[in-house]
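*Asks:* My structure is below; once you've seen it, I'll send some questions.
The values are calculated or read from the model by the stated rules, or taken from the named source; none is laboratory data. Note that the coordinates shown come from a computational prediction; the quantities given were computed from them, not determined experimentally. Positions of Cβ are generated from backbone atoms using ideal geometry, with glycine treated the same way; all protein chains shown enter the neighbour counts.
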């Protein structure tokens, strides 16, 4: 059973059930936000590594890479 399956009216919920649902929603949002933050960090790291690699390449290597990409 998921939270979507559990849709009683507010008046049918006990305080404990309402609090548990509230906490589950907060946790889901927190985990999603953390995952997005980690993805952004990883993207920045990869971008930085890629930039460093490109900058360290010789002109011949860059031309070869460009040919391979086309």
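*Asks:* Return the total of residues in segment 54-70 being assigned to a helix (DSSP H, G or I) and either in contact with a helix residue (DSSP H, G or I) (Cβ under 6 Å, 6 or more places away or on another chain) or surrounded by 10 or more Cβ atoms within 10 Å (Cβ to Cβ) (or both).
*Replies:* If we filter segment 54-70 for residues that are assigned to a helix (DSSP H, G or I), which is where we start, we get 54-56, 59-69.
Still in the running and either in contact with a helix residue (DSSP H, G or I) (Cβ under 6 Å, 6 or more places away or on another chain) or surrounded by 10 or more Cβ atoms within 10 Å (Cβ to Cβ) (or both): 54, 61-65.
Summing the residues that are assigned to a helix (DSSP H, G or I) and either in contact with a helix residue (DSSP H, G or I) (Cβ under 6 Å, 6 or more places away or on another chain) or surrounded by 10 or more Cβ atoms within 10 Å (Cβ to Cβ) (or both) in segment 54-70 gives 6.
Every residue, every condition in (1) under 30 Å from residue 65 (Cα atoms); (2) part of a helix (DSSP H, G or I); (3) in contact with a strand residue (DSSP E or B) (Cβ under 9 Å, 6 or more places away or on another chain); (4) modelled with pLDDT of 95 or more, yes or no:
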position: 22; (1), (2), (3), (4): no, yes, no, no
position: 38; (1), (2), (3), (4): yes, yes, no, yes
position: 41; (1), (2), (3), (4): yes, yes, no, yes
position: 52; (1), (2), (3), (4): yes, yes, no, no
